[in-house]
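Below is one structure, written out as structure tokens; the observations come after it.
The values are calculated or read from the model by the stated rules, or taken from the named source; none is laboratory data. As the structure is a computational prediction, the values presented were derived from the model and not from experiment. We place every Cβ from the backbone using ideal geometry, glycine too, and count neighbours over all the protein chains shown.
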Amino acid sequence: MSTLHTHNRVAIQNIRKQFPALQQTVHGKPLVYLDNAATTQKPKAVLNAITNYYQHDNANVHRGIHTLASRATAALETSRVAVQRFIHATSAEEIVFTGGTTASINLVAAAYGQTQVHAGDEVIISHMEHHANIVPWQMLCQAKKAVLKVIPISEAGTLLLPALKKLLTPRTKIVAISYVSNTLGTINPLKEIIKQAHAQGAIVVVDGAQALPHLPINVQDLDCDFLAFSAHKAYGPTGVGALYGKKALLENMPPYQGGGEMVQEVTLAHTTYNDLPYKFEAGTPHIAGIIAWQEALNFITQVGYSNIMAHEDALHTYALELLSSIDRVRIVGTAPQKISILAFTIEGVHHLDAGMLLDAHGIAVRTGHSCTQPLMNFFHIEGVIRASFAIYNTQEEVEQLAAVVARLVQKN
Ligand code: PMP
């Protein structure tokens, strides 16, 4: 594996030192954490920001005039600007804090869908979506008597784009599509999809959950209408995420949940709603998580996406080389444009047995359908073993994974 030079090794070891959770043993073996697509570990800066908030600034936001409330509010709003800049949104009003990707997609499906989708209209998703980008649209279509259409995929795990042209009609209101597949690792040709959808007058909702950890995102360049993403998959806290939406669309949307914070004036008979983005932020948010999210974004900026991509690509290529040379291992998802997710099956070995044996060696991988059951049906499999790599993973960890898989194959 020539791409990982000594200099990189030192840099990666320094990065690893920032992650306390990586410094532990599991079943007596050093932890090899390869379940990053489910959630990444968190650097000290993120953990410190959470503790610091609760120790010094804990107060509810936007409500009090006392010092702690002002500090908490200022820190939360600074985070909003950090998120805005990170994804290159035009204004901080376009960043709505949510509980994560799932909450963001549900917000669009409910609020945008409520006024813009009617009986006979169409919503398009793809065959490789995470359940979070399937079920909310099924619920909307069912409620509105709208039609849910699906972009088919190839055996390699790429979208069959010519099919999209045929699926798009003047009745298509929404195309909801993942930037990156959480099971296959496929990077979808978003710009082309967005261009085609806009040409038919449909808006595009992007599930960016698996893109944020690996790829720079520029919502203006993509021209997507909405982007849903989570902090926890990109070194940030769990239970926090955002919905980016074009201002004009957010302004025209009715509120999602009612409650405190999202209102301007409430009488018992009538309520006027707050401005963007607060109209969509009912209730007390995960203040500590939102504030600490900034630190995760800083971490990515400091390391740099180009370094992240180069390192993860090298690990992915090496893992692919080692695993595909093992008898009976079948790689699921072989798209030419992929991020560092490697799903595979082992003929004659159940994925849960493989997962348990790997865990016994301290190796954490995902096993099962990875919240993509339609994809499992497409490949006629029950589940996969999924190794997903982050910036802190090493060549030795890839070798350990491959060694345990090889032993497993030999024994079964
Ligand atoms: N979409 C994709 C592609 C994902 O990988 C995930 C997380 N597994 C989600 C949506 C849901 O994210 P969250 O659980 O943070 O809401």
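So is Ile194 surrounded by fewer than 21 Cβ atoms within 10 Å (Cβ to Cβ) and either within 14 Å of the chain's Cα centre (by Cα) or more than 16 Å from the ligand (Cβ to nearest atom) (or both) or not?
Working: surrounded by fewer than 21 Cβ atoms within 10 Å (Cβ to Cβ): yes; either within 14 Å of the chain's Cα centre (by Cα) or more than 16 Å from the ligand (Cβ to nearest atom) (or both): yes.
Taking the combined requirement at face value, the residue satisfies it.
Please tell me if Leu357 is in a helix (DSSP H, G or I) and farther than 20 Å from Gly157 by Cβ.
On the way: in a helix (DSSP H, G or I): yes; farther than 20 Å from Gly157 by Cβ: yes.
Taking the combined requirement at face value, the residue satisfies it.
Does region 231-251 contain at least one residue that is among the β-branched types (Val, Ile, Thr) and surrounded by fewer than 24 Cβ atoms within 10 Å (Cβ to Cβ)?
Yes, there is a match, as at least one residue in region 231-251 is among the β-branched types (Val, Ile, Thr) and surrounded by fewer than 24 Cβ atoms within 10 Å (Cβ to Cβ).
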Failed item in (1) of a type in the set (Val, Ile, Thr); (2) within 16 Å of the ligand (Cβ to nearest atom); (3) surrounded by fewer than 22 Cβ atoms within 10 Å (Cβ to Cβ), with Thr169 passing the rest: (2)
Qualifying positions in region 65-107 - part of a loop (DSSP other than H, G, I, E, B) and within 15 Å of the ligand (Cβ to nearest atom): Gly99, Gly100
Every pair of residues 6+ apart whose Cβ atoms lie under 8 Å, when the first sits in region 31-49 and is farther than 24 Å from Asp207 by Cα and more than 16 Å from the ligand (Cβ to nearest atom) while the second is β-branched (Val, Ile, Thr) and part of a strand (DSSP E or B): Leu31/Thr25; Val32/Ile363
Number of the condition not met by Gln373 [criteria: (1) more than 22 Å from Gln410 (Cβ to Cβ); (2) surrounded by 15 or more Cβ atoms within 10 Å (Cβ to Cβ)]: (2)
Residue in region 118-128 that is touching a helix residue (DSSP H, G or I) at 6+ places or on another chain (Cβ under 7 Å), closer than 25 Å to Gly258 by Cα and crowded, with 18+ Cβ neighbours inside 10 Å present: no
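If you check Ile300 against the conditions, is it more than 16 Å from the ligand (Cβ to nearest atom) and in a helix (DSSP H, G or I)?
Values: more than 16 Å from the ligand (Cβ to nearest atom): yes; in a helix (DSSP H, G or I): yes.
Criteria met by Ile300.
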Some residue of region 9-28 being at pLDDT below 95, part of a helix (DSSP H, G or I), over 25 Å from Asp275 (Cα atoms) and among the polar types (S, T, N, Q): no
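Based on what the data block shows, is Glu251 more than 30 Å from Asn48 (Cβ to Cβ), modelled with pLDDT of 95 or more and not hydroxyl-bearing (Ser, Thr, Tyr)? It would help to see each step written out before you state the result.
Details: more than 30 Å from Asn48 (Cβ to Cβ): yes; modelled with pLDDT of 95 or more: yes; not hydroxyl-bearing (Ser, Thr, Tyr): yes.
Against the criterion (more than 30 Å from Asn48 (Cβ to Cβ), modelled with pLDDT of 95 or more and not hydroxyl-bearing (Ser, Thr, Tyr)), Glu251 qualifies.
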All positions within region 129-149 that are surrounded by 15 or more Cβ atoms within 10 Å (Cβ to Cβ), more than 16 Å from the ligand (Cβ to nearest atom) and not in a loop (DSSP other than H, G, I, E, B): Leu140, Cys141, Lys144, Val147, Leu148, Lys149
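Please tell me if Lys42 is outside the structural domain of Gly241 (by TED's automatic domain parsing), crowded, with 19+ Cβ neighbours inside 10 Å and out of contact with any strand residue (DSSP E or B) (no Cβ under 9 Å at 6 or more places or on another chain). Give the derivation first.
Details: outside the structural domain of Gly241 (by TED's automatic domain parsing): yes; crowded, with 19+ Cβ neighbours inside 10 Å: yes; out of contact with any strand residue (DSSP E or B) (no Cβ under 9 Å at 6 or more places or on another chain): yes.
Answer is yes for this residue.
On the given criteria, is Ala110 more than 24 Å from Asp35 (Cβ to Cβ) and part of a helix (DSSP H, G or I)? Don't jump to the end; show me each part of the working.
On the way: more than 24 Å from Asp35 (Cβ to Cβ): yes; part of a helix (DSSP H, G or I): yes.
When the stated conditions are applied, Ala110 passes them.
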Subset of region 309-337 that is touching a residue at least 60 places away in the same chain (Cβ under 8 Å) and of a type in the set (Gly, Ala, Ser) - its residue that is farthest from Ile217 (Cα to Cα): Ala319
Test: His118 is in contact with a Leu (Cβ under 7 Å, 6 or more places away or on another chain), assigned by TED's automatic domain parsing to the domain that holds Asn252 and either touching a residue at least 12 places away in the same chain (Cβ under 8 Å) or within 16 Å of the ligand (Cβ to nearest atom) (or both): no
Pairs, first closer than 23 Å to Gln114 by Cα in region 136-160, second of a type in the set (Ser, Thr, Tyr), C-beta under 7 Å, six or more apart: Val150/Ser126
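Going by the conditions given, is Glu155 touching a Phe, Trp or Tyr at 6+ places or on another chain (Cβ under 9 Å), more than 16 Å from the ligand (Cβ to nearest atom), among the charged types (D, E, K, R) and not in a helix (DSSP H, G or I)? Don't jump to the end; show me each part of the working.
Values: touching a Phe, Trp or Tyr at 6+ places or on another chain (Cβ under 9 Å): yes; more than 16 Å from the ligand (Cβ to nearest atom): yes; among the charged types (D, E, K, R): yes; not in a helix (DSSP H, G or I): yes.
In short, yes.
Taking the criterion of being outside any loop (DSSP other than H, G, I, E, B) and closer than 30 Å to Lys338 by Cβ, would at least one residue in region 45-62 satisfy it?
Start the filter on region 45-62 by keeping residues that are outside any loop (DSSP other than H, G, I, E, B), which leaves 45-57.
Now narrow it down to the ones that are closer than 30 Å to Lys338 by Cβ: 45-46.
Yes: region 45-62 contains one or more residues that are outside any loop (DSSP other than H, G, I, E, B) and closer than 30 Å to Lys338 by Cβ.
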Out of Thr301, Thr271, Thr284, sole residue that is more than 30 Å from Tyr54 (Cβ to Cβ) and hydroxyl-bearing (Ser, Thr, Tyr): Thr271
